[in-house]
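All remarks here apply to the structure that follows.
The values are calculated or read from the model by the stated rules, or taken from the named source; none is laboratory data. Since this is a predicted model, take the numbers as computed values, not measurements. With ideal geometry, Cβ positions are generated from the backbone for all residues, glycine too; neighbour counts draw on all protein chains shown. These area figures cover heavy atoms from the full protein model, side chains too; ligands, DNA and RNA do not enter into them. Shrake-Rupley method; radii C 1.70, N 1.55, O 1.52, S 1.80 Å.
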Amino acid sequence: MTVSEYKEKVAGKKAVVLGYGVSNRPLVDFLLDLEVKVEVRDKKMPDEEAVKKLSRQNVPLITGDGYLDDIHADLIFRSPGIRPDHPGITQAVSEGATLLSEMELFFALCPATLIAITGSDGKTTTTTLTAKLLREEGHRVFLGGNIGTPLLSRVGEMTKDDFAVLELSSFQLFTMRQSPCRAVITNLSPNHLDWHKDMEEYATAKENIFRYQKKDDLLVLNRENGYTYGMAEKASAGNIRFFSSDRFLEDGICLQDGAIFLNGKEILREEDILLPGKHNRENYMAAIAVTEGLVSKESIYRVASTFTGVEHRLETVRVHKGVRYINSSIDSSPSRTAAALGCFTEKVICICGGYDKHIPFAPLADALCVHAKAVVLTGATADAIEKALSECECETKPAVYRDPDFKEAVLLASSLSQNGDTVILSPACASFDAFKNFMERGDTFRKIISELE
């Protein structure tokens, strides 16, 4: 469907936009351009400038605890963080409203080839690599979803010869009824169980990335992850590619003997990849697999030998008095921190803790025992992580320190370091107990480290 065709369909109708965050702000502008009557609802009052803009646009704004009550609309656009089964939403749908999201509308209107990546860990780096590989080959690429800028307002610029590369979360996929023609699930482990009812619901949401694929479409899955390996049986795509860092795959992509092999042929040496860690080798394999047939071996090499990483992901902030400080604020789950710690041959000083997503910390405790000589705990999960460490059966355990204040915790970690040490912020938790998001947490860490004397 084209934008003009959609306008004919919705002009004059009423849309209620639930949540006025990053993705939904341009959505409001987009809907107004389509001559849709828009109402915005958000639990929190938006910032003053946003309120003024809505007033200028004559868009009603409803806020407060009852913002989901008494919804009357033709269309309801749900922010990803709002569950679709809230009674206020289900009541409106029962009365005839159509429930969708900014991303679902983008899928319906986008003329470009859609490539989407999801997973518990590694999806941002894999998405970034996918876009870089395509651009290196000379393709025009629009990067969005959870990273970059919302793309709905740019859909009119896109053509069938372009690519839209998207990072998608389980929240975005939860109600999705369309799938991209090329998709990746990097891995799956317990995550966001403070929002999802259980692991089954979380996994089912992720499966929407391939549930509606066609026979000619491509699905890339992690062979070494139990959840993703089992998903192949449910896939409707005719082309399924596995990637593996543990076994040789004649038909697929794998890491063997210091090199990445695609369909049995060496395509890239490990030594040519600047990003550290086994998990980044897996990210490369996923990106190479999903762009198979679109990108040359030469383009893959040029990206691998020049790309130094994404902000907040094993990002070296500073080397000060012989101590290397690394910002990996993106590490918002135990498995993510375990993967980050596995990149180091020496034992590190690790800063952990944050918002409680109700994920078990036993795997984190095992990783800390192996890779950390000291752990500084902060945030809402400090007690739970310390308990997991105390119950861990590892013979050698790291020294444990605590400070509830984030800045003081960072300074404490610094005070414990000596020449040659590495201090890493790898929280294993979300940031919402103290920060708006992981970027703000990482930026705060950067600032503290830059001010060290």
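Summary of computed values
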item: Residue identified as in contact with a helix residue (DSSP H, G or I) (Cβ under 8 Å, 6 or more places away or on another chain), open to solvent by 60 Å² or more (accessible area, probe 1.4 Å), closer than 21 Å to A409 by Cα and not aromatic (F, W, Y) among R318, R313, R302, R324; result: R318
item: Matching entry among S431, S426 (being over 21 Å from W195 (Cα atoms) and among the hydroxyl-bearing types (S, T, Y)); result: S426
item: Residues that are at pLDDT 95 or above and open to solvent by less than 20 Å² (accessible area, probe 1.4 Å), drawn from segment 174-195; result: P180, A183, V184, I185, T186
item: Every pair of residues 6+ apart whose Cβ atoms lie under 6 Å, when the first sits in segment 238-266 and is within 19 Å of L218 (Cα to Cα) and open to solvent by less than 20 Å² (accessible area, probe 1.4 Å) while the second is hydroxyl-bearing (S, T, Y) and at pLDDT 95 or above; result: C254/S244
item: Residues (among the small types (G, A, S), assigned to a loop (DSSP other than H, G, I, E, B) and free of Cβ contacts under 8 Å to residues at least 40 places away in the same chain) located in segment 23-75; result: G64, G66
item: Leading residue by the ranking (surrounded by the fewest Cβ atoms within 10 Å (Cβ to Cβ)) among those in segment 395-441 that are closer than 13 Å to K347 by Cβ and among the hydrophobic types (A, V, I, L, M, F, W, C); result: A399
item: Qualifying positions in segment 335-355 - open to solvent by 30 Å² or more (accessible area, probe 1.4 Å) and among the hydroxyl-bearing types (S, T, Y); result: S335, T345, Y355
item: Selection count where residues are within 27 Å of W195 (Cα to Cα) and either of a type in the set (A, V, I, L, M, F, W, C) or open to solvent by less than 70 Å² (accessible area, probe 1.4 Å) (or both), scope segment 356-375; result: 9
item: Of residues in segment 210-232 being closer than 19 Å to A287 by Cα and among the aromatic types (F, W, Y), the one surrounded by the most Cβ atoms within 10 Å (Cβ to Cβ); result: F210
item: Tally, over segment 196-209, of residues that are touching a helix residue (DSSP H, G or I) at 6+ places or on another chain (Cβ under 8 Å), among the charged types (D, E, K, R) and surrounded by fewer than 22 Cβ atoms within 10 Å (Cβ to Cβ); result: 1
item: Whichever residue in segment 76-91 is assigned to a strand (DSSP E or B) and not β-branched (V, I, T) and, among such residues, is farthest from the chain's Cα centre (by Cα); result: F77
